[in-house]
């Protein structure tokens with residue numbers, strides 16, 4: 001995970017691999033701190049992700065609520081991952097592609 | 001002959017990672033759709049993680065057993081644990097009428113499982129939770 005802040009002020013965070021409960025426990029502290037500090041929009045890039053757990057969905061809800069007004073979106077989710085967001089009622093987070 | 005898989009872990013997130021790797025290795029190469037494999041993995045991940053987090057009143061790690069059977073038209077998933085009584089079917093789905101801005105973060109794991117499996121049964125026997133699920137191929 002290498003957060004980057006481009007000139008437009010959007011915090012873009014790419015994720016890789018399997019975002020299961022154990023992995024989310026490892027990254028949660030750092031990720032929540034970066035999201036809390038972000039001043040503008042937030043984007044999670046899931047291009048390299050093949051599994052998301054409910055622990056990751058919690059982090060997405062946190063990011064959505066922190067980015068109020070500026071926008072939070074998920075990009076590059078696979079069809080299988082998109083299905084998880086739809087079931088959880090979080091499909092509003094998915095960027096229309 | 002159906003193909004079967006069984007593994008027991010002493011519940012911790014490190015052990016859950018070992019279980020996930022073993023399940024993934026078992027399912028790989030079985031010509032299953034990505035959605036089927038994903039549904040099996042979500043069910044194991046969420047139910048086991050829930051048991052590890054909430055299953056015991058004492059400090060002991062719960063024992064969790066997973067049994068998979070690949071049949072011609074479905075996969076049967078049986079998960080047993082020795083944690084406190086917990087019927088996943090009683091967990092309510094999230095209230096999707098609540099705007100995302102006020103939605104609570106948690107409570108999504110078990111509803112995900114309930115939505116992704118085709119059937120789920122539960123019984124309590126000899127101090128154990130036994131959850132039997134079926135996922136169509």
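The values are calculated or read from the model by the stated rules, or taken from the named source; none is laboratory data. Remember, it's a predicted structure, so these values are computed and weren't measured experimentally. Note: ideal-geometry Cβ built from the backbone for every residue, glycine included; neighbour counts use all protein chains shown.
Worth pointing out:
- Among (1) loosely packed, with under 14 Cβ neighbours inside 10 Å; (2) away from every other protein chain (no Cβ under 14 Å); (3) in contact with a strand residue (DSSP E or B) (Cβ under 9 Å, 6 or more places away or on another chain) - the single one residue B:59 does not satisfy: (3)
- The set of residues from region B:79-111 being touching a residue at least 12 places away in the same chain (Cβ under 8 Å), outside any loop (DSSP other than H, G, I, E, B) and more than 14 Å from chain A (Cβ to nearest Cβ) comprises B:79, B:80, B:81, B:89.
- Within region A:37-76, the residues that satisfy the criterion of being assigned to a loop (DSSP other than H, G, I, E, B) and in contact (Cβ under 8 Å) with a residue 24 or more places away in the chain are A:38, A:39, A:40, A:41, A:53, A:67, A:70, A:71, A:76.
- Hits in region B:6-24 (condition: facing chain A (nearest Cβ under 8 Å) and surrounded by 15 or more Cβ atoms within 10 Å (Cβ to Cβ)): B:13, B:16, B:17, B:20
- Output for region A:77-94, where each listed residue is closer than 23 Å to residue A:36 by Cα, in contact (Cβ under 8 Å) with a residue 24 or more places away in the chain and touching a strand residue (DSSP E or B) at 6+ places or on another chain (Cβ under 7 Å): A:85, A:93
- Options B:16, B:68; residue that is modelled with pLDDT of 95 or more and touching a strand residue (DSSP E or B) at 6+ places or on another chain (Cβ under 9 Å): B:68
- Of all residues in region B:25-40, those satisfying the criterion of being out of contact with any strand residue (DSSP E or B) (no Cβ under 8 Å at 6 or more places or on another chain) and at the interface with chain A (Cβ under 10 Å from one of its Cβ atoms) are B:33, B:34, B:35, B:37.
- Among the residues examined, residue B:43 qualifies as part of a helix (DSSP H, G or I), more than 11 Å from chain A (Cβ to nearest Cβ) and surrounded by 12 or more Cβ atoms within 10 Å (Cβ to Cβ).
- Test: residue in region A:51-62 that is more than 8 Å from every other protein chain (Cβ to nearest Cβ), buried (at least 21 other Cβ atoms within 10 Å of the Cβ) and either farther than 14 Å from residue A:31 by Cα or over 12 Å from the mean Cα position of the chain (by Cα) (or both): yes
- Given (1) surrounded by 12 or more Cβ atoms within 10 Å (Cβ to Cβ); (2) touching a residue at least 60 places away in the same chain (Cβ under 8 Å); (3) under 19 Å from residue B:135 (Cα atoms), number of the condition residue B:27 does not satisfy: (2)
- Selection count, region A:63-82, where residues are at the interface with another protein chain (Cβ under 9 Å from one of its Cβ atoms), surrounded by fewer than 19 Cβ atoms within 10 Å (Cβ to Cβ) and within 21 Å of residue B:35 (Cα to Cα): 3
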